[in-house]
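Inspection log for the structure reproduced underneath, given as structure tokens.
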Amino acid sequence: MTACAAAATRPVPPPPLLLHDAGSDPPLRLAGGFIVAPDEPGAAGPAVTLRGDRLLPGLINAHDHLHRNSLPPLKFRERHRNIADWIADLTPRRSSDPILRADAARPRVQRMWHGAIKNLLSGVTTVAHHDPPDPALAATDFPVRVLVHPSWRDALGLDGEDAVRRSHRETPHHLPWILHAAEGIDAVAEAEFDTLDRLGCLTPNARLVHGVGLTALQRRRLIDRGAALIWCPGSNLHLFGRTADIGELLAAGCVALGSDSRASGRRDLLAELSLARDLHAMSDAQAQALVTAQPARWLALPDRGRLTPGARADLVALPAGLPLSRAERADLRLVMLGGEVLVADPDVAEAFGASADLLPVSVDGRRKRLARRLVHRLRELGVDEPGLDLGAPGGAEGARQ
């Protein structure tokens with residue numbers, strides 16, 4: 001898997017920092033864009049205390065299509081049998097539907113950035129982008145880490161058996177191989193799992209996205225093979241009126257959560273997590289793991305999803321008494337990427353001494369601070385994210401706040 005060059009060419013990480021939250025004992029030490037051990041040479045630095053807040057690893061969105069997030073949820077019939085129905089409805093309308101035409105007219109870089117800011121504002125710092133690599137993702141100022149792999153395929157029905165089998169063979173065994181599969185509620189969707197098995201693709205590195213049509217026996221086989229499901233319940237309910245039965249997969253730890261794009265999914269990963277908890281009784285820890293430890297495991301990201309030395313300093317803070325699965329993006333007190341504060345509440349920004357690098361904005365009516373470089377880039381590209389007010393350009397930025 002390639003983490004696009006953006007991860008390797010970001011600005012120089014901030015200086016070392018000692019970070020306390022409501023429950024960190026000992027506090028986190030940050031240096032060089034990573035969490036480091038207390039005795040790490042050169043790790044001494046100023047201390048910041050987040051009173052009443054708790055720190056979490058930056059969230060990991062296990063499935064999105066970044067360039068499709070300026071679209072509203074779309075469908076042209078009440079219920080679809082499988083994803084082929086949706087594509088068949090969508091394709092002939094690309095040149096006639098005003099919403100689709102307007103979106104296609106947007107520069108691709110603008111659409112990529114729209115997907116990035118959607119994720120960042122919801123606490124996501126790493127996104128699995130299920131599409132080919134794009135130059136926009138390698139920009140030094142791109143605000144999230146993006147995972148892509150040239151061997152990932154779309155789906156059996158779109159790519160065909162030969163291409164799917166070839167892509168599986170070309171993916172190293174230690175890296176995840178990701179495919180949309182069983183995305184529907186009919187016999188066609190159900191049969192895809194057995195076809196993948198016949199093709200030799202159900203290996204421990206297989207990550208099937210959606211899995212709505214999986215039978216109980218197929219879900220058990222998925223677990224037995226050491227593979228995993230990437231679950232996007234909002235998209236499934238929108239298109240098919242139902243989603244995968246993940247109870248046994250959840251108990252086995254074989255699930256990671258994705259938002260899918262807004263063309264079919266909910267607003268962001270936090271909305272998906274809230275829906276997931278409504279659909280399946282789970283503890284706060286289980287819910288949080290769906291967007292931290294579990295995707296880090298299944299996407300082969302040992303440096304993410306945890307707050308331990310060696311992990312990247314990609315962090316989120318929220319009020320200590322608020323479960324992540326009940327949080328909305330305005331509730332997030334801090335989003336940090338590689339030790340750099342990108343989003344923060346005003347008092348948190350002041351605590352970090354980062355005010356000079358952040359500009360006043362509002363998110364869903366809540367006052368925030370957003371990295372100056374991101375504000376300028378979003379304005380330059382004309383990204384219009386609902387609920388995000390960048391304030392007035394120039395010296396009056398955020399004056400009405």
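Considering only residues that are assigned to a loop (DSSP other than H, G, I, E, B) and not aliphatic (A, V, I, L, M), look in the stretch 220-243 and name the one that is nearest to Val127 (Cα to Cα).
Cys232
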Some residue of the stretch 370-388 being surrounded by 23 or more Cβ atoms within 10 Å (Cβ to Cβ), without any contact (Cβ under 8 Å) to a residue 60 or more places away in the chain and either of a type in the set (S, T, N, Q) or outside the structural domain of Gly253 (by TED's automatic domain parsing) (or both): yes
Meets criteria (assigned to a loop (DSSP other than H, G, I, E, B), surrounded by fewer than 19 Cβ atoms within 10 Å (Cβ to Cβ) and not assigned by TED's automatic domain parsing to the domain that holds Val188) for Arg77: no
Residue among Ala163, Ala128 that is modelled with pLDDT of 95 or more and loosely packed, with under 15 Cβ neighbours inside 10 Å: Ala163
Within the stretch 1-39, tally of residues that are modelled with pLDDT of 85 or more and either touching a helix residue (DSSP H, G or I) at 6+ places or on another chain (Cβ under 7 Å) or part of a loop (DSSP other than H, G, I, E, B) (or both): 5
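Being free of Cβ contacts under 8 Å to residues at least 24 places away in the same chain, assigned by TED's automatic domain parsing to the domain that holds Ala287 and over 19 Å from the mean Cα position of the chain (by Cα): is that true of Ala155 here?
Working: free of Cβ contacts under 8 Å to residues at least 24 places away in the same chain: no; assigned by TED's automatic domain parsing to the domain that holds Ala287: yes; over 19 Å from the mean Cα position of the chain (by Cα): yes.
No; evaluated as a whole, the condition is false for this residue.
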Unique residue being exposed (fewer than 14 other Cβ atoms within 10 Å of the Cβ) and closer than 24 Å to Gly115 by Cβ when the list is Leu179, Leu175, Leu147, Leu158: Leu158
Residue in the stretch 53-66 that is out of contact with any Asp or Glu (no Cβ under 7 Å at 6 or more places or on another chain), part of a helix (DSSP H, G or I) and at pLDDT 90 or above present: yes
Close pairs (9 angstrom Cβ cut-off, 6 or more residues apart or separate chains): touching a residue at least 60 places away in the same chain (Cβ under 8 Å) in the stretch 331-342, polar (S, T, N, Q) and assigned to a loop (DSSP other than H, G, I, E, B) anywhere: Leu332/Ser122; Val335/Ser122
Residue count, the stretch 196-224 (criterion: loosely packed, with under 15 Cβ neighbours inside 10 Å and in contact with a Leu (Cβ under 7 Å, 6 or more places away or on another chain)): 0
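Table: residues versus (1) of a type outside the set (Lys, Arg); (2) surrounded by 19 or more Cβ atoms within 10 Å (Cβ to Cβ); (3) touching a residue at least 40 places away in the same chain (Cβ under 8 Å); (4) within 21 Å of His129 (Cα to Cα).
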residue: Ala37; (1), (2), (3), (4): yes, no, yes, no
residue: Gly45; (1), (2), (3), (4): yes, no, no, no
residue: Leu50; (1), (2), (3), (4): yes, yes, yes, no
residue: Ile60; (1), (2), (3), (4): yes, yes, yes, yes
residue: Pro73; (1), (2), (3), (4): yes, no, yes, yes
residue: Arg93; (1), (2), (3), (4): no, no, no, no
residue: Lys118; (1), (2), (3), (4): no, yes, yes, yes
Positions within the stretch 244-255 being outside any loop (DSSP other than H, G, I, E, B) and either in contact with a Gly (Cβ under 6 Å, 6 or more places away or on another chain) or charged (D, E, K, R) (or both), in sequence order: Glu248
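Each row is one residue, and each column tells you yes or no for (1) modelled with pLDDT of 95 or more; (2) farther than 23 Å from Arg51 by Cα; (3) outside the structural domain of Val363 (by TED's automatic domain parsing); (4) among the acidic types (Asp, Glu).
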site: Glu248; (1), (2), (3), (4): yes, yes, yes, yes
site: Gly253; (1), (2), (3), (4): yes, yes, yes, no
site: Asp260; (1), (2), (3), (4): yes, yes, yes, yes
site: Arg266; (1), (2), (3), (4): yes, yes, yes, no
site: Ala289; (1), (2), (3), (4): yes, yes, yes, no
site: Gly305; (1), (2), (3), (4): yes, no, yes, no
site: Ala317; (1), (2), (3), (4): yes, no, no, no
site: Ala320; (1), (2), (3), (4): no, no, no, no
site: Ser325; (1), (2), (3), (4): yes, no, no, no
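The values are calculated or read from the model by the stated rules, or taken from the named source; none is laboratory data. Quantities reported herein were computed from a predicted structural model and do not represent experimental measurements. Positions of Cβ are backbone-derived with ideal geometry, glycine not excepted, and every protein chain shown enters the neighbour counts.
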